[in-house]
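Written below as structure tokens is the structure these notes are about.
The values are calculated or read from the model by the stated rules, or taken from the named source; none is laboratory data. Predicted, not measured: the structure shown is a model, and the values here were computed from it. We place every Cβ from the backbone using ideal geometry, glycine too, and count neighbours over all the protein chains shown. Heavy atoms of the whole protein, side chains included, go into the accessibility calculation; ligands, DNA and RNA do not. Shrake-Rupley method; radii C 1.70, N 1.55, O 1.52, S 1.80 Å.
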Amino acid sequence: MANLSTQTKKSIDYDKDGDKCYQTELLLLDRKASEDTDGQEETEKAEEEAALVAMRIEEMLKTRFLVTDSETKEMRPVKPSDIVILLRSVTNKAKYFKNALAAKGIAASSNTEGG
């Protein structure tokens with residue numbers, strides 16, 4: 001990301017060393033691949049993905065996962081407004097993520113215009 005930008009609109013500095021207190025996470029959903037996917041199966045897949053992400057976000061909020069405050073530069077517990085979920089297809093999947101988060105009591109909003 002350092003090659004693309006040195007700052008965002010909120011003035012977060014993406015230096016070449018990055019923030020050393022974070023580790024990248026990869027969530028894997030073990031699902032058998034099927035060559036014939038109908039609308040029902042795609043819906044189930046999206047719901048399962050959303051549930052997995054919502055579970056991880058809920059865990060981060062409950063355990064008070066630490067993030068760096070953009071204004072004070074001090075560590076503080078994560079808030080829902082700190083979290084962004086990037087989707088390849090917002091129009092088709094955002095509703096599943098909003099529903100999964102709502103089921104966990106986590107407020108969420110989405111921009112379904114895409115682009």
Using a 1.4 Å probe on the protein heavy atoms only, what accessible surface does K73 show? Give it in Å² to the nearest 10.
120 Å²
Charge tally in the Cβ shell below 11 Å around A107, where Lys, Arg are +1 and Asp, Glu are -1, A107 excluded:
+3
